[in-house]
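The structure under discussion appears below in the form of structure tokens.
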Amino acid sequence: MMPAIEIKGLEHWFGKGELRRQILFDIDLSTAPGEIVILTGPSGSGKTTLLTLIGALRAVEQGSLRLFGRELRGASDDDRIAVRRRIGFIFQQHNLLGFLSARQNVEMALELDPTIDAGERRSLASVMLAKVGLGERLDHPPSKLSGGQKQRVAVARALVGNPDLVLADEPTASLDKVTGQEVATLIERLARERGASILLVTHDPRILGIADRIIAMEDGRIVNAAENPCD
Amino acid sequence: MRSIWLASRLAWRQLTHQPARLASAVAGVVFACLLVFMQLGFHDALFDSATSTARAIRGDIIMFSRQSETTSRTSGLPRARLMQALADPDVARVTPIYLGQVIWKNPETAVRRSIMVLGADPDSGVFALEGASAAAERLRQRDTLLFDAQSRPEYGPIGERLARGATTVEVANRTTEVVGLFRLGASFAADGNLLTSDVNFHRLVRDRMPDMVDVGAVFLKAGADVSAAKTRLQRLLPDDVRVMTRDEFIANERAYWANSAAIGFIFLFGVGMGLIVGFVIVYQILFTDVANHLSEYATLKAMGYSDHYLLAVVFSEALMLAALGFVPGLALSWWLFDVSADATFLPMLLRPDMAAFVFVLIFAMCAASGAVAVRKLRDANPADMF
């Protein structure tokens, strides 16, 4: 089976000239389809940079990065945009559009697919919101939702298009303990239902339990890659 | 097509989300519309009224003194030049026209005010004015004249007085009889007009030498070539005469007001100011929309939305503001044109071509604001979102 993510010898630098500084050193990593991987490490360890490279949000400079079998090194902007449409993003902040209702926000993820008509978008979004427990709040604007509810809308938006990969950056950081755990479990359950891989960056020890594998990074290198001892 | 529709729907939802902000943006566009319409309206009215005297003169070719710039301030042309023109085989007749300013006394208030007087042989039919030729017979009598019914009201209610039979007025300290009305209209140069015979003109304007005329209207024989005749006349006549076709004469009058009087520039400046004000208001609204939603826009980019899609959103907003502002702007201007026409006695006309032109200007203004505001979109970088 083709790995979802396949990285070999990936290196990355920030800055120019004298200030040029290496952020990632010789990263090798691959994940199987449906695998849930958590990336941990102190701030500045390069895990967020790695996430943006995998999310096709930055151009690959050196090494090989294949996503769903497609090489991203040397990919054009349009290629990267096309790849991004197969990824569901969940950010630390919900980043919902304030002028749209919860359902319209979720529908935004489906509008990129011209094969889905307006009625289908509506029903898919409603079903997805029901699954994250917001079936009663379809037409609420984000300003009328709690922090946890907003993040659940963001989860629904990331997963409604059946992405092959979900990238999440500290999705529970702005939530309290109980809500954070709920959201993490939700991400896990929905991704497993759909067979999507997850790569989740977090500091939050309370949610490590959802992972199949935990990868720790330090100073731009992967320092261990172990099966999750919690399993 | 599909993504344009979705982008404009998103733009519409964003615009209508905050009605108060939408209202202020639309008010800005309405204001710009009003400014541009009013300036163009006054501009056109000025030129329409400034050329009204020139347009009232018939004739295929016009003879004008080389020293005259405009019909409202003429230098004399020797009458002998008109006789010389008759030497051309294609010239049928030449009519001398006299133009001058006299003092009119308002018969009700006795207030004196300067008024333009036009004089020519009443039988010549040289004035293309409603009511002029019908009164030819009466104008040949001593001290008679016609009054311009579209003169400013400061000259008195002459139309009403005529209906009552009160026809006597005092012009240039002479007791004179108003024998009828004609329609020409006030202009920036003249608040009112009188029309009389050449003989009566000289009774009113005493300081004029009888052998000097102001305009010579040349009538050609039927089927004659106007431009060929014009070239021959210019060659035939001494250099103190300018020979123009009627269209050139009107264009010359228009150019005088447009250039030497700098009035054209003033109004176009006003148009520019209106557009700049509108540009700034629309830009402010669009810029803050983008700046306040940078992380949301970046999220859309991360999800796979292209830059073009987001550009389409901002441009749709700009063009929607243009359309939303133009409609009430047009309606308000329509009403204000009526109000100003009543107040200034200028021919304020909101013609369809002017409306179309302003529509284009307002659209361009909003598109330009959008073009500047979208530069802020570059700051929406999804890689910075993590």
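Any read-out appearing in this document is the output of simple, stated calculations on the displayed coordinates, not a laboratory observation. Quick caveat: nothing in here was measured; it's all calculated off a predicted structure. All Cβ positions, even for glycine, are placed from backbone atoms using ideal geometry, and neighbour counts span all protein chains on display.
What size of dipole, in debye to the nearest 20, comes out for chain B about its Cα centre when the only charges are +1 on Lys and Arg C-beta atoms and -1 on Asp and Glu C-beta atoms?
Approximately 80 debye in magnitude.
So, in nm, how far is label A:Glu18 from label B:Ala341 when the simple model puts each one 7 Å beyond its Cα toward the Cβ?
7.3 nm
If the cut-off is 30 Å between C-alpha atoms, which lysines fall inside it for A:Lys150, apart from same-chain ones fewer than 8 positions away?
A:Lys47, A:Lys131, A:Lys177, B:Lys301, B:Lys376
Name the long-range amide H neighbours of B:Thr70: under 5 Å, sequence gap of 5 or more, or other chain; modelled H, no Pro or chain starts.
none
Between segment A:184-205 and segment A:76-154, what is the separation of their alpha carbon centroids in Å?
Spelled out, the Cα-based centre of one part sits 17 Å from the other.
Can you give me the P(r) profile for segment B:265-322? Cα pairs, bins 10 angstrom wide beginning at 0, each as a whole percent.
20, 39, 23, 12, 5, 0
Return B:Val179, B:Val111 ranked ascending by Cβ neighbour count within 10 Å, so the fewest neighbours appear first.
Fewest-to-most ranking of B:Val179, B:Val111: B:Val111, B:Val179.
Cα-based Rg (one decimal) and Dmax (whole number) for the protein assembly as shown, in Å?
Gyration radius and largest Cα-Cα distance of the protein assembly as shown: 40.3, 123 Å.
With each run of n ≥ 4 DSSP H residues scored as -39500 (n - 2.57), what mean residue ellipticity at 222 nm is computed for chain B after dividing by its residue count and rounding to the nearest 500 deg cm²/dmol?
-17000 deg cm²/dmol
What ³J(HN,Hα) values, in whole Hz, does the Karplus curve 6.51 cos²θ - 1.76 cosθ + 1.60 give for segment B:155-169 when θ = phi - 60°, with x put for Gly and Pro?
7, x, x, 5, x, 4, 5, 4, 4, 7, x, 8, 10, 7, 9
How large is the Rg to Rh ratio of chain A when both quantities use alpha carbon positions and Rh follows Kirkwood?
Reported Rg/Rh (Cα atoms, Kirkwood Rh): 0.97.
Projected onto the charge dipole of the protein assembly as shown (+1 at Lys/Arg Cβ, -1 at Asp/Glu Cβ, origin at the Cα centre), which of B:Ala20, B:Gly180, B:Met365 gives the Cα projection farthest towards the positive end?
B:Gly180
Starting from the Kirkwood Rh over alpha-carbon pairs, what translational D in µm² s⁻¹ does segment B:67-238 have by Stokes-Einstein at 20 °C and 1.002 mPa s?
Diffusion coefficient, whole number: 126 µm²/s.
I'm a student and want to see the number: the projected area of the Cα convex hull of segment B:1-117, averaged over all directions, in nm².
Mean shadow area of the hull around the Cα atoms is 17.4 nm².
Pop a pseudo-label 7 angstrom from the Cα along the beta-carbon direction at both A:Asp139 and B:Arg174 and give the gap in nm to one decimal.
Going from the A:Asp139 label point to the B:Arg174 one covers 8.3 nm.
Among B:Val94, B:Met209, B:Ala120, which residue has its Cα furthest toward the positive end of the charge dipole of segment B:67-238, with +1 on Lys/Arg Cβ and -1 on Asp/Glu Cβ?
Comparing the listed Cα positions along the dipole, B:Met209 ranks first.
Considering only C-alpha atoms, what is the centroid distance from segment B:114-145 to segment B:10-26, in Å?
61 Å
Tell me, what is the FRET efficiency for A:Asp28 and A:Ala130 to the nearest 0.05, using R0 = 45 angstrom and their Cβ-Cβ distance as r?
Once the sixth-power term is evaluated, E becomes 0.65.
Charges at C-beta only: +1 for Lys and Arg, -1 for Asp and Glu. How large is the resulting dipole of the protein assembly as shown about its Cα centre, in Debye rounded to 20?
760 debye
Translational diffusion coefficient of segment B:148-240 at 37 °C, 0.692 mPa s, Stokes-Einstein with Kirkwood Rh over Cα pairs, in µm²/s as a whole number.
The Stokes-Einstein estimate is 197 µm²/s.
What's the center-to-center distance, using Cα atoms, between segment A:4-22 and segment B:309-337 in Å?
48 Å
Could you work out the Kirkwood radius for segment B:200-278, taking every pair of different alpha carbons, averaging 1/r and inverting it, reported in Å?
Result for segment B:200-278 stands at 16.5 Å.
Among the trypsin sites (Lys or Arg not before Pro) in segment B:162-195, which ones are in a DSSP loop with at most 16 other Cβ atoms within 10 Å of the Cβ? Mind listing them?
Loop-located and lightly packed - B:Arg183.
Give me the one-decimal nm value for the distance between modelled label points at B:Ile4 and B:Thr288, 7 Å along each residue's Cα-to-Cβ direction.
Result for the modelled spin labels: 3.1 nm.
With viscosity set to 0.692 mPa s and temperature to 37 °C, compute the Stokes-Einstein D of chain B, Rh being the Kirkwood radius across alpha carbon pairs; µm²/s, no decimals.
Stokes-Einstein gives a translational diffusion coefficient of 133 µm²/s.
Going by C-beta contacts inside 10 Å, put B:Ser75, A:Ser174 in order with the fewest on the left.
B:Ser75, A:Ser174
With θ taken as phi - 60° and the coefficients 6.51, -1.76 and 1.60, list the Karplus ³J(HN,Hα) couplings across segment A:181-191 in order, rounded to whole Hz; mark glycine and proline as x.
5, 4, 5, 4, 4, 4, 4, 4, 4, 5, 5
Can you work out the FRET efficiency for the pair A:Arg70 and B:Phe357, with r the C-beta to C-beta distance and R0 = 51 Å, to the nearest 0.05?
0.45
What is the ratio of the Cα radius of gyration of segment B:181-327 to 2.2 N^0.38 Å, where N is its residue count, to two decimals?
2.03
Starting at 0 and stepping by 10 Å, how many percent of the alpha carbon pairs of segment A:102-231 end up in each bin?
Once binned at 10 Å, the Cα pair distances of segment A:102-231 give 12, 40, 32, 13, 3.
With no solvent and one point per C-alpha, what does the Debye sum give as log10 I(q)/I(0) for segment A:108-148 at q = 0.27, 0.28 Å⁻¹?
-0.97, -1.00
Within 10 Å of each residue's Cβ, count the other Cβ atoms and sort B:Tyr98, B:Tyr283 from fewest upward.
B:Tyr283, B:Tyr98
Which length gain, in nm to one decimal place, applies between B:Val226 and B:Arg73 when the Cα-Cα distance is subtracted from 0.36 nm times their residue separation?
Between B:Val226 and B:Arg73, full extension yields an extra 52.4 nm.
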